[in-house]
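K.L.:
Below is the structure I would like to discuss, written out as C-alpha coordinates.
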Amino acid sequence: EVQLVESGGHLVQPGRSLRLSCTASGFSFGDYGLSWVRQAPGKGLEWVAFIRSKAYGGTTDYASSVEGRFTISREDSKTIAYLQMNSLKTEDTGVYFCTRAVRVLASNYYYYLDVWGKGTPVTVSS
Amino acid sequence: DIQMTQSPSTLSASVGDRVTITCRASQSIVKWLAWYQQKPGKAPKLLIYRSSSLESGVPSRFSGSGSGTEFTLTISSLQPDDFATYYCQQYHSYWTFGQGTKVEIK
(Lines give C-alpha, C1' and ligand atoms only; values in the text may rest on other atoms or scores of the structure.)
Protein backbone atom coordinates (compact mmCIF):
# COMPACT_ATOMS: atom_id res chain seq x y z
CA GLU A 1 0.00 0.00 0.00
CA VAL A 2 1.29 3.43 -0.94
CA GLN A 3 1.57 5.48 2.24
CA LEU A 4 2.96 8.77 3.55
CA VAL A 5 3.18 9.40 7.29
CA GLU A 6 4.02 12.83 8.66
CA SER A 7 5.47 13.48 12.10
CA GLY A 8 7.13 16.19 14.13
CA GLY A 9 4.36 18.72 14.47
CA HIS A 10 3.69 20.32 17.85
CA LEU A 11 3.31 23.61 19.74
CA VAL A 12 6.21 26.01 19.23
CA GLN A 13 6.83 29.65 20.10
CA PRO A 14 7.09 32.34 17.43
CA GLY A 15 10.63 32.73 16.12
CA ARG A 16 11.60 29.16 16.95
CA SER A 17 12.33 26.26 14.58
CA LEU A 18 10.69 22.92 13.87
CA ARG A 19 11.46 20.00 11.56
CA LEU A 20 8.72 17.87 10.07
CA SER A 21 9.32 14.39 8.66
CA CYS A 22 7.44 12.45 6.00
CA THR A 23 8.09 8.71 5.91
CA ALA A 24 7.07 6.92 2.72
CA SER A 25 6.36 3.29 1.97
CA GLY A 26 4.86 1.15 -0.77
CA PHE A 27 6.44 2.85 -3.80
CA SER A 28 9.79 3.71 -5.34
CA PHE A 29 10.43 6.84 -3.29
CA GLY A 30 13.38 8.12 -5.29
CA ASP A 31 11.40 8.24 -8.53
CA TYR A 32 8.94 10.86 -7.35
CA GLY A 33 8.81 14.51 -6.47
CA LEU A 34 7.48 15.42 -3.05
CA SER A 35 5.60 18.41 -1.78
CA TRP A 36 4.30 19.93 1.46
CA VAL A 37 0.85 21.53 1.58
CA ARG A 38 -0.63 23.19 4.66
CA GLN A 39 -4.08 24.08 5.89
CA ALA A 40 -4.71 26.75 8.51
CA PRO A 41 -7.56 26.02 10.94
CA GLY A 42 -10.89 26.33 9.13
CA LYS A 43 -9.20 27.53 5.94
CA GLY A 44 -8.27 26.21 2.51
CA LEU A 45 -5.16 24.51 1.17
CA GLU A 46 -1.85 26.28 0.53
CA TRP A 47 1.14 24.77 -1.26
CA VAL A 48 4.36 25.32 0.72
CA ALA A 49 7.36 23.56 -0.83
CA PHE A 50 8.41 21.04 -3.51
CA ILE A 51 11.48 18.92 -4.23
CA ARG A 52 12.19 17.07 -7.48
CA SER A 53 13.63 13.60 -7.65
CA LYS A 54 17.42 13.26 -7.87
CA ALA A 55 17.00 12.21 -11.52
CA TYR A 56 15.69 15.71 -12.23
CA GLY A 57 18.23 17.53 -10.14
CA GLY A 58 16.60 17.33 -6.71
CA THR A 59 15.89 21.04 -7.04
CA THR A 60 13.40 22.85 -4.84
CA ASP A 61 10.65 25.47 -5.06
CA TYR A 62 8.92 27.43 -2.32
CA ALA A 63 5.83 29.54 -1.84
CA SER A 64 6.68 33.21 -1.36
CA SER A 65 5.17 33.10 2.15
CA VAL A 66 7.91 30.69 3.34
CA GLU A 67 10.82 31.42 0.99
CA GLY A 68 14.01 31.95 3.00
CA ARG A 69 12.52 30.45 6.19
CA PHE A 70 11.60 26.87 5.17
CA THR A 71 13.81 24.22 3.58
CA ILE A 72 12.59 20.99 2.00
CA SER A 73 14.99 18.05 1.67
CA ARG A 74 14.92 14.32 1.07
CA GLU A 75 16.87 11.25 2.13
CA ASP A 76 16.08 8.62 -0.49
CA SER A 77 17.99 5.82 1.29
CA LYS A 78 15.59 6.19 4.24
CA THR A 79 12.51 7.12 2.13
CA ILE A 80 12.02 10.25 4.21
CA ALA A 81 11.37 13.85 3.26
CA TYR A 82 11.82 16.76 5.63
CA LEU A 83 10.54 20.27 6.06
CA GLN A 84 12.81 22.45 8.16
CA MET A 85 10.86 25.45 9.38
CA ASN A 86 12.78 28.39 10.86
CA SER A 87 11.68 31.80 12.17
CA LEU A 88 8.17 30.50 12.65
CA LYS A 89 5.25 32.94 12.69
CA THR A 90 1.76 32.57 14.12
CA GLU A 91 0.41 32.48 10.56
CA ASP A 92 2.37 29.24 9.96
CA THR A 93 -0.11 27.45 12.25
CA GLY A 94 -1.97 24.62 10.56
CA VAL A 95 -1.95 21.01 9.50
CA TYR A 96 0.98 20.13 7.24
CA PHE A 97 0.42 17.44 4.62
CA CYS A 98 3.15 15.58 2.75
CA THR A 99 2.19 14.67 -0.82
CA ARG A 100 3.63 12.61 -3.64
CA ALA A 101 4.11 14.47 -6.92
CA VAL A 102 3.61 12.63 -10.21
CA ARG A 103 5.61 14.02 -13.13
CA VAL A 104 3.89 14.50 -16.47
CA LEU A 105 5.79 15.30 -19.66
CA ALA A 106 4.07 17.55 -22.16
CA SER A 107 5.54 20.70 -23.71
CA ASN A 108 7.15 21.13 -20.31
CA TYR A 109 7.22 19.12 -17.10
CA TYR A 110 4.23 19.28 -14.77
CA TYR A 111 3.55 17.60 -11.45
CA TYR A 112 0.21 16.74 -9.88
CA LEU A 113 -0.21 15.63 -6.27
CA ASP A 114 -1.76 12.18 -6.03
CA VAL A 115 -1.05 10.59 -2.63
CA TRP A 116 -1.40 12.54 0.63
CA GLY A 117 -0.45 11.74 4.18
CA LYS A 118 -2.87 12.30 7.07
CA GLY A 119 -1.02 15.45 8.14
CA THR A 120 0.75 16.67 11.27
CA PRO A 121 -0.47 19.70 13.25
CA VAL A 122 1.79 22.68 13.88
CA THR A 123 0.78 25.41 16.33
CA VAL A 124 2.87 28.57 16.57
CA SER A 125 1.89 30.48 19.67
CA SER A 126 3.43 32.11 22.70
CA ASP B 1 0.87 34.03 -9.49
CA ILE B 2 -2.11 32.15 -10.89
CA GLN B 3 -5.31 32.67 -8.88
CA MET B 4 -8.06 30.06 -8.76
CA THR B 5 -11.67 31.01 -8.06
CA GLN B 6 -14.35 28.42 -7.32
CA SER B 7 -18.10 28.87 -7.33
CA PRO B 8 -20.27 28.46 -5.46
CA SER B 9 -18.62 28.55 -2.03
CA THR B 10 -21.44 26.44 -0.59
CA LEU B 11 -23.89 24.21 -2.36
CA SER B 12 -26.96 22.58 -0.81
CA ALA B 13 -28.13 19.45 -2.58
CA SER B 14 -30.03 16.20 -2.07
CA VAL B 15 -29.02 12.61 -2.66
CA GLY B 16 -29.49 11.83 -6.33
CA ASP B 17 -28.99 15.42 -7.51
CA ARG B 18 -26.64 16.36 -10.33
CA VAL B 19 -24.05 18.77 -8.94
CA THR B 20 -21.70 21.07 -10.83
CA ILE B 21 -18.83 23.09 -9.37
CA THR B 22 -16.99 25.70 -11.43
CA CYS B 23 -13.35 26.74 -11.20
CA ARG B 24 -11.82 29.69 -13.03
CA ALA B 25 -8.09 30.40 -13.44
CA SER B 26 -6.68 33.93 -13.69
CA GLN B 27 -4.73 32.89 -16.81
CA SER B 28 -4.64 29.88 -19.08
CA ILE B 29 -3.52 26.68 -17.40
CA VAL B 30 -4.22 24.57 -20.52
CA LYS B 31 -5.52 21.34 -18.91
CA TRP B 32 -3.27 21.24 -15.85
CA LEU B 33 -6.05 21.11 -13.29
CA ALA B 34 -6.88 18.65 -10.52
CA TRP B 35 -9.91 18.23 -8.25
CA TYR B 36 -9.78 17.00 -4.66
CA GLN B 37 -12.38 15.93 -2.12
CA GLN B 38 -11.78 16.63 1.56
CA LYS B 39 -13.82 15.49 4.54
CA PRO B 40 -13.47 17.08 8.01
CA GLY B 41 -10.26 16.05 9.77
CA LYS B 42 -9.03 14.09 6.75
CA ALA B 43 -6.48 14.58 4.02
CA PRO B 44 -7.61 15.67 0.56
CA LYS B 45 -8.26 12.85 -1.90
CA LEU B 46 -7.42 13.19 -5.59
CA LEU B 47 -10.48 12.73 -7.81
CA ILE B 48 -9.53 14.14 -11.22
CA TYR B 49 -6.25 15.18 -12.84
CA ARG B 50 -5.44 16.76 -16.21
CA SER B 51 -8.90 18.35 -16.15
CA SER B 52 -10.83 15.18 -17.03
CA SER B 53 -8.79 12.08 -16.14
CA LEU B 54 -10.42 10.02 -13.39
CA GLU B 55 -8.02 8.84 -10.69
CA SER B 56 -7.98 5.08 -10.21
CA GLY B 57 -10.64 3.88 -7.77
CA VAL B 58 -12.76 7.04 -7.98
CA PRO B 59 -16.43 6.35 -8.85
CA SER B 60 -17.49 7.15 -12.39
CA ARG B 61 -20.21 9.55 -11.18
CA PHE B 62 -17.39 12.08 -10.86
CA SER B 63 -16.29 13.80 -14.05
CA GLY B 64 -14.27 16.85 -14.99
CA SER B 65 -14.11 19.06 -18.04
CA GLY B 66 -12.67 22.30 -19.33
CA SER B 67 -9.50 23.87 -20.65
CA GLY B 68 -7.78 27.22 -20.63
CA THR B 69 -9.36 29.16 -17.78
CA GLU B 70 -12.78 27.52 -17.21
CA PHE B 71 -13.26 24.11 -15.60
CA THR B 72 -16.08 22.12 -14.04
CA LEU B 73 -16.46 19.17 -11.71
CA THR B 74 -19.72 17.27 -12.06
CA ILE B 75 -21.19 14.64 -9.78
CA SER B 76 -23.87 12.93 -11.84
CA SER B 77 -25.91 11.55 -8.93
CA LEU B 78 -24.93 12.74 -5.48
CA GLN B 79 -24.40 9.97 -2.93
CA PRO B 80 -24.35 10.23 0.89
CA ASP B 81 -20.56 9.75 0.90
CA ASP B 82 -20.11 12.77 -1.40
CA PHE B 83 -21.01 15.44 1.15
CA ALA B 84 -17.63 17.11 1.60
CA THR B 85 -15.54 20.09 0.50
CA TYR B 86 -14.12 20.11 -3.01
CA TYR B 87 -11.02 21.98 -4.16
CA CYS B 88 -9.67 22.67 -7.61
CA GLN B 89 -5.91 23.08 -8.03
CA GLN B 90 -3.79 24.28 -10.93
CA TYR B 91 -0.36 22.77 -11.55
CA HIS B 92 0.62 24.72 -14.62
CA SER B 93 2.83 27.06 -12.61
CA TYR B 94 3.64 25.80 -9.12
CA TRP B 95 0.41 24.83 -7.32
CA THR B 96 -2.56 26.98 -6.36
CA PHE B 97 -5.85 25.86 -4.88
CA GLY B 98 -9.30 27.32 -5.15
CA GLN B 99 -10.97 28.41 -1.93
CA GLY B 100 -13.16 25.31 -1.80
CA THR B 101 -16.83 24.42 -2.32
CA LYS B 102 -18.69 22.83 0.54
CA VAL B 103 -21.40 20.42 -0.61
CA GLU B 104 -23.94 20.10 2.17
CA ILE B 105 -27.20 18.24 2.67
CA LYS B 106 -30.27 20.19 1.62
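The values are calculated or read from the model by the stated rules, or taken from the named source; none is laboratory data. Treat the numbers as computed from the prediction; the structure is a model and nothing was measured. So basically every Cβ, Gly included, is an ideal-geometry build from the backbone, and we count neighbours across all protein chains shown.
K.L.:
Return the pair list, or none, for Cβ contacts closer than 8 Å from residues in the stretch B:1-14 that are under 22 Å from B:PHE83 (Cβ atoms) to residues that are modelled with pLDDT under 95, at least 6 apart or on different chains.
P.N.:
Hits for this filter: B:SER12/B:ILE105; B:SER12/B:LYS106; B:ALA13/B:ILE105; B:ALA13/B:LYS106; B:SER14/B:ILE105; B:SER14/B:LYS106.
K.L.:
Sticking with this structure for a sec: For the stretch A:24-49, give me each residue that is crowded, with 19+ Cβ neighbours inside 10 Å and more than 14 Å from A:ILE80 (Cα to Cα).
P.N.:
Of everything in the stretch A:24-49, those that are crowded, with 19+ Cβ neighbours inside 10 Å and more than 14 Å from A:ILE80 (Cα to Cα) turn out to be A:VAL37, A:ARG38, A:GLN39, A:LEU45, A:TRP47, A:VAL48, A:ALA49.
K.L.:
Residues in the stretch B:17-38: is at least one within 11 Å of chain A (Cβ to nearest Cβ) and more than 14 Å from the chain's Cα centre (by Cα)?
P.N.:
Yes, there is a match, as at least one residue in the stretch B:17-38 is within 11 Å of chain A (Cβ to nearest Cβ) and more than 14 Å from the chain's Cα centre (by Cα).
K.L.:
Can you work out which of the residues in the stretch B:78-94 that are surrounded by fewer than 20 Cβ atoms within 10 Å (Cβ to Cβ) and in a loop (DSSP other than H, G, I, E, B) is farthest from the other protein chains (Cβ to nearest Cβ)?
P.N.:
B:GLN79
K.L.:
Pick from A:LEU20, A:LEU4: which is touching a residue at least 40 places away in the same chain (Cβ under 8 Å), away from chain B (no Cβ under 14 Å), on the phi < 0 side of the Ramachandran plot and not in a loop (DSSP other than H, G, I, E, B)?
P.N.:
Numbers: A:LEU4 fails: away from chain B (no Cβ under 14 Å).
Testing whether each residue is touching a residue at least 40 places away in the same chain (Cβ under 8 Å), away from chain B (no Cβ under 14 Å), on the phi < 0 side of the Ramachandran plot and not in a loop (DSSP other than H, G, I, E, B) leaves just A:LEU20.
K.L.:
Right, next: Looking only at the stretch A:36-89, count every residue that is out of contact with any strand residue (DSSP E or B) (no Cβ under 7 Å at 6 or more places or on another chain), small (Gly, Ala, Ser), at pLDDT 95 or above and not in a loop (DSSP other than H, G, I, E, B) and tell me the total.
P.N.:
Residues meeting the conditions: 1.
K.L.:
Assess whether B:SER12 counts as being of a type in the set (S, T, N, Q) and over 18 Å from B:GLN89 (Cβ atoms). Before you say what the answer is, go through the steps one by one.
P.N.:
Working: of a type in the set (S, T, N, Q): yes; over 18 Å from B:GLN89 (Cβ atoms): yes.
For B:SER12, the condition - of a type in the set (S, T, N, Q) and over 18 Å from B:GLN89 (Cβ atoms) - is met.
K.L.:
A further question follows. Determine whether A:PHE97 is under 10 Å from the mean Cα position of the chain (by Cα), within 14 Å of another protein chain (Cβ to nearest Cβ) and either farther than 21 Å from B:ILE2 by Cα or not in a strand (DSSP E or B) (or both).
P.N.:
yes
K.L.:
Can you name the number of the only condition in (1) among the polar types (S, T, N, Q); (2) more than 12 Å from the chain's Cα centre (by Cα); (3) within 12 Å of chain A (Cβ to nearest Cβ) that B:SER60 fails?
P.N.:
(3) is the only condition that B:SER60 fails.
K.L.:
Do we have A:PHE27 as in a strand (DSSP E or B), within 30 Å of B:SER51 (Cβ to Cβ), in contact (Cβ under 8 Å) with a residue 60 or more places away in the chain and of a type in the set (Phe, Trp, Tyr) here? Don't jump to the end; show me each part of the working.
P.N.:
Working: in a strand (DSSP E or B): no; within 30 Å of B:SER51 (Cβ to Cβ): yes; in contact (Cβ under 8 Å) with a residue 60 or more places away in the chain: yes; of a type in the set (Phe, Trp, Tyr): yes.
Taking the combined requirement at face value, the residue does not satisfy it.
K.L.:
When the residues of the stretch A:50-66 are filtered to those that are away from every other protein chain (no Cβ under 14 Å) and not hydroxyl-bearing (Ser, Thr, Tyr), which remaining residue is farthest from A:SER87 (Cα to Cα)?
P.N.:
Start the filter on the stretch A:50-66 by keeping residues that are away from every other protein chain (no Cβ under 14 Å), which leaves A:53-58.
After this cut, where a residue has to be not hydroxyl-bearing (Ser, Thr, Tyr) as well, the list is A:54-55, A:57-58.
Numbers: A:LYS54: 28, A:ALA55: 31, A:GLY57: 27, A:GLY58: 24 Å.
Across the stretch A:50-66, the extreme among qualifying residues is A:ALA55.
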